[in-house]
Amino acid sequence: MIIAVLKETSEHEKRVALSPEVVRQLNNEDLQIWIEKDAGLPSNFRDSTYEDVGAVIIDSKEELISKAGILLSVQAPSDEDLSKLKKGAVLVSFIWGLQNPELVSRLLESGISALGMDAIPRISRAQNMDALSSMSSIAGYKASLIAANELDKYFPMMMTAAGTIPPSKALILGAGVAGLQAIATCRKLGAVVEAFDVRPAVKEQVESLGAKFIEVELSDQETETKGGYAKELTEDDKLKQRELIHQHAKKSDIIITTALIPGRPAPLLITKEMVADMKPGSVIVDLAAENGGNCELTEAGTTQVVNEVKIVGPINLPSQLANHASTLYAKNMLALLNLLLKDGKPNFDFEDEILLNTTITHNGEIISPLIKNN
């Protein structure tokens, strides 16, 4: 069985699906690990390092794809690359099936068994496979550093001979993995931090990191999905939420927004009216920029200034820490492959909750209940 790793070609993508350390752990008599030439260079993994742990470096992408039994990547391969995969081959990458129905259709037509790293269920047994959490943690950390770099103020309180500078005030919207990491990083940098989330269950986690939790009474008390994500609110509750956020946005120096709803555009949290009421020099870092943005004025891939407020819409933040992002993604991949492979071959046991939910297509059928029911 050949497990092949593609060099990523998507814009802004520097990660690689397997690190040399994970190749070393995978390499055995049942498996061959093929790495496309220079696939690891953007993450600072040399071809020679892969070879030292038993991988084979392949110059020809066409040969690598056509002979792969299992093809690993971060982003889903292009249509041209998918067409070269043999029928019955296995693809493991981010798929985002709900957002990409055309890709799911192509996978079905090609007879490819596809597992989505974005579809790992959020259960305790799957924590070591949860690539979304790994990447979100990196995004929350990097967003805090971007905010600190863009803000023309200290984060911590500074006592000097010339006087005392008060600490900056940070508002984190969304207390999932990215939000919690943003809270922790902003606190370490010395900011006073507030956080908002529609899920009351995260209050304890927010407060344990030293931040103040902002609460709003909602008419719908069921604000969390079975997978642990925030549900979309009713229109009345959205209005209550925005009014509360508006009050806190006025006094904030930085806002980091992290709110996403699976399969839907990012919820609108920061309106242009809120931006107009923010202090000059304030900074918004919108981690939902690629999904439409939590701020009404966000433009993905740009930093713009509106009413003297900087609005940053970063793209693919985990890729900006490509070495550690690839290290974590590869460990997530290893855990999933250890579950999938039996005696060196894929074993699709759909009695297993993880494989059932993660497998998007198999034998010309849609398997994932989430994709099948939408």
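Assorted remarks:
- Verdict on residue 109 being surrounded by fewer than 14 Cβ atoms within 10 Å (Cβ to Cβ), at pLDDT below 95, over 18 Å from residue 318 (Cα atoms) and out of contact with any Cys (no Cβ under 6 Å at 6 or more places or on another chain): yes
- Among the residues of region 342-365, those that are in contact (Cβ under 8 Å) with a residue 60 or more places away in the chain, assigned to a strand (DSSP E or B) and farther than 16 Å from residue 118 by Cα comprise 345, 346, 362, 365.
- Remark: pairs (first residue in region 264-277, assigned by TED's automatic domain parsing to the domain that holds residue 196; second residue of a type in the set (Asp, Glu) and surrounded by 13 or more Cβ atoms within 10 Å (Cβ to Cβ); Cβ separation under 7 Å; 6+ apart in sequence or on different chains) = 264/232; 267/232; 268/296; 270/296; 271/296; 272/296.
- Tally, over region 11-28, of residues that are part of a loop (DSSP other than H, G, I, E, B) and modelled with pLDDT under 95: 3
- Of everything listed in (1) surrounded by fewer than 14 Cβ atoms within 10 Å (Cβ to Cβ); (2) among the hydroxyl-bearing types (Ser, Thr, Tyr); (3) more than 25 Å from residue 120 (Cα to Cα), the single unmet condition for residue 49 is (1).
- In region 148-196, the residues that are surrounded by fewer than 18 Cβ atoms within 10 Å (Cβ to Cβ) and small (Gly, Ala, Ser): 161, 162, 163, 190
- Listed by position, the strands (runs of 3 or more DSSP E) inside region 58-171 whose residues that are closer than 28 Å to residue 338 by Cα number at least 1 are 70-72, 90-93, 113-116.
- Flag for residue 254 being touching a Ser or Thr at 6+ places or on another chain (Cβ under 7 Å), closer than 23 Å to residue 154 by Cβ and not small (Gly, Ala, Ser): yes
- Filtered residue count, region 197-212, keeping only those that are buried (at least 17 other Cβ atoms within 10 Å of the Cβ), of a type outside the set (D, E, K, R) and touching a Lys or Arg at 6+ places or on another chain (Cβ under 9 Å): 4
- Any chance residue 222 is modelled with pLDDT under 90, touching a helix residue (DSSP H, G or I) at 6+ places or on another chain (Cβ under 8 Å) and either surrounded by 20 or more Cβ atoms within 10 Å (Cβ to Cβ) or assigned by TED's automatic domain parsing to the domain that holds residue 155 (or both): no
The values are calculated or read from the model by the stated rules, or taken from the named source; none is laboratory data. This one's a predicted model, so the numbers in the text were calculated from it and none came from an experiment. FYI the Cβ positions are ideal-geometry reconstructions off the backbone, even for glycines, and counts take in every protein chain you see.
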